[in-house]
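The values are calculated or read from the model by the stated rules, or taken from the named source; none is laboratory data. Note that the structure is predicted; figures quoted are calculated from it, not measured. Neighbour counts are summed over all protein chains in view; Cβ atoms, including those assigned to glycine, are modelled from backbone coordinates with ideal geometry. The accessibility values were calculated without ligands, DNA or RNA, using every heavy atom of the protein model including side chains. Shrake-Rupley method; radii C 1.70, N 1.55, O 1.52, S 1.80 Å.
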Amino acid sequence: MILRSIELESFGRFRGYTVEFRRGLNLVIGPNEAGKSTIAEAVPAVLFGTDHLERFKPWGRNVCSASLFFEGRGHTVEVKRNLLTDEVELVEKDDLYHVRSQFSGNAPFRGRSASCREYRELLEKLIGVADERLFRATYFFGHHPQSWSSDELALKLRTLVSGTAEADYAEILDTLLEEHFQLTRSNPWGRDKQRDREYETVCQQLSEQGDDEGAVPIFVEIDNPASDDSQVALEEEISALRDELDFERQEYEKGQRYIERFRQQADINKETEVNKEKVEPSAKVEPVKEESSGTNKTLADRLTAAGLPPSLPPQLPELLSNAAEIRQELAALQQPFSILLGREKKIPQVPWMVIGCLLVLLVALAAVAFWQPFFKTPLLTAVGVCSVALLAWVSWRQINRNKILEQCRKERGLLEQKKGVSQQRQAELSERCDALGLPSSAVDLVRLQKLVMTHRLLLDQYWSATKSDDPGVVTGAEVVDREPSSQDATEPVVEKDLLKDDEAAEELRQLEVLLADFAANLQEKEARLEELQVQLTSGLHSPETTAEVATDVASQQGPLVQEIAVKSTMSPLQRRKNDLEDRIVVLRKSVNLLADAVDEFSRSHLVTLNAEAGKMFGKITGGRYAEIKLDENMAPSIQVDGRRWAPVDHFSRGTVDAIYLALRMALAKVRDDGRSLPLMLDDPFVHLDQKRLAKTLNLVDLASADGQLILFSHNLDLGKRAARERWHVVPLDGDVVNTTPDEGGEHAGQLHLL
Amino acid sequence: MTRLLGSAHIETLAREESVRGVLVRTVIKQSEFADEQELQLLEDALQLLLKRFQAMDGEAS
């Protein structure tokens, strides 16, 4: 976006004065007090308002207003401000002069009203900057350039560099974290929160119910008056059929494993015999291994596709069973702990306050009795007896309390001991899991257990295939290679009975036929079970029964359906716990992903800015310094001697000016998103020596080629150069300007110099 | 089952030069080495974040 003109209706020393600019380099040249800085300052004053109205308000006049005209790709923006009232009119028009967006209202410099916010949002949208400090730090370079090292500014600069509203992403992160900490006190990014949240409460309730383990099947009410005899009979039949099916499924799986093993052995035998005749002894096992590893790979792929981690060790079922056992132990310990806590709370306290008051009363009575003339002795005796009785009662009560507390302490100690043992076992188990590359958290292990239960058959096949591939295990090939006397009595039966090819093939065929018959029978029974379940469902519409049937039906289907069915049979608390766990895991992942993405995005843009600024700074300093680094607070450092980084404060004023100029130019180049404003340089070279001045001017000239750059200067040498380089020149002669100058075409500025 | 990852919408988002683009690219990269469970988690997280982005855009516009 370029600044096409500034119209100073009544601003500083100008009245009805218009300054036109062009794309490329513009030079506003004039002696001191000619109004260069006033024109430069008009831009932020109109855009954002000002705190220094007295500086711009014309003397003796009650008007102070100016307008800016910006021209962008396919649209123009006009901003007009009355600085006395801070009334702003902003109009954005497209190429056909149709109004795209507009604002008209009050927008003071430090305003916080709704209209002010609306105006700033529009500015942000149109020119990318809605903050005066940010404008001065990026598009404006005066005698005292705004440095970049401030927390608030750094955030805005980072946002500007990356072209994104980083604050918005921080807000998303905040909402995610807030949601996370509403669910659980556990904090993976720091210390845990103090107060228990919903997840911990649910866990506590579950452990009090002794219900911490997995899904809890919901049983049909036995004494349900609605259930008639036929339904009971149906249920009995289903139950019997289900048991039968479970048994037969196991048998079928065994049969499958046996046939698979048999087939492998037969293949191994065949291979071994062939190899015995043809190849070297050292190469005999290789084909077997290759085939076996091929089977392994297929099985491993299937397991991975089923959601199981790759290369599961054969000890996994044992580990999972141990983990479940430990969890049960720990859950079982929760109940005695809760009971013990309840008992401890119920132990009556000694009412020390009441006793203290009574004692004070007795002392007061004794004092009164002592000083009054009648019944002194009986009264004093009564007070003494009461005091002794009170003290005896207190002592008895305290002793009792101590006894009960001691007993509780002993019980707690025993429970702690048991808990310690379980935790020790859990720690050992975690170590074993870690060593085997398995997840060690309880949640992961429960999930893994569910998956293992679902895909047990596949896993068994995988492990048996892996075992045959393991060089430590005796394979068929090795059996053949061995002498008969060296054969081990513990080898599998199949390996012992190495059959001839034909016999083996015949036996395999028979086994497969048997297994196929068995499978057909199994399918018939499963269909029958399903039919019965449908009958039962149509008879009973209670949600519990439906859920049970859903589980059974789902057990015939895929893992997702099974999971849904398992969920539907859980108790509401358990279900809530699982939902919370899922949500917490998703929230944690989301937070980590977003934080990483924002970080990477900012870093990548910062790297680009560093490189660009370093290049420009190198050109200005004639290659003396060529590397600039911005830290996370956007504070620049310069690389010295090719290795050491020195903060910018360590350098001379001229170098500091050069670095901030390089950074502004680099930012304008990096952030070329069509919303950038022109760079305004108000006498930026006063601290530069001749050599750097010449190089900087070359750089400024180059930088202006892609956009617009407005240079304000009193240096007449620059005027000469402007004439040579055909820069657009706006001359100011130092007299008060009252009228719009003759806009004699685009060469007017240069003609003035000529 | 239709996957969010691998959809045309996600591929379009991955080409964006924005935080959202970086996020989607990161998720796609991580999903290449993820098992089924991890993949599901990545999809859920991405879906949640995209909804928040959408809400943010809605508020901004």
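Numbers below:
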{"read-out": "Among the listed pairs A:K254/A:K450; A:K57/A:K125; A:K669/A:K695, those beyond 23 Å (Cα-Cα)", "value": "A:K57/A:K125"}
{"read-out": "Residue (of A:V79, A:G60, A:G105) at the positive-pole extreme of the stretch A:54-112, dipole from beta-carbon charges", "value": "A:G60"}
{"read-out": "Segments A:193-200, A:693-700 sorted - mean Cβ within 10 Å per residue, highest first", "value": "A:693-700, A:193-200"}
{"read-out": "Buried solvent-accessible surface, both chains (B, A), 1.4 Å probe, Å² to nearest 100", "value": "2100 Å²"}
{"read-out": "Net charge over other residues, Cβ less than 11 angstrom from the Cβ of A:T201 (K, R count +1; D, E count -1)", "value": "+1"}
{"read-out": "Principal axes of the stretch A:46-159: Cα extent on each, largest first, Å", "value": "42, 40, 28"}
{"read-out": "Residue-span extension gain [A:L514 to A:E411] - 0.36 nm each, minus C-alpha spacing", "value": "31.1 nm"}
{"read-out": "Shielding by other protein chains, A:590-597, mean Cβ within 10 Å", "value": "6"}
{"read-out": "Surface accessible to a 1.4 Å probe, A:M1 within the full protein complex, Å²", "value": "30 Å²"}
{"read-out": "Test item: A:598-610 mean partner chain Cβ contacts at 10 Å", "value": "2"}
{"read-out": "Neighbouring partner chain Cβ atoms per residue of B:13-25, average, 10 Å criterion", "value": "4"}
{"read-out": "For the stretch A:334-472, with +1 on Lys and Arg beta carbons and -1 on Asp and Glu, the positive-most of A:N402, A:L438, A:S338 along the dipole", "value": "A:N402"}
{"read-out": "Loop-located trypsin sites (Lys or Arg not before Pro) in the stretch A:581-679 whose Cβ has at most 10 other Cβ within 10 Å (DSSP)", "value": "A:R643"}
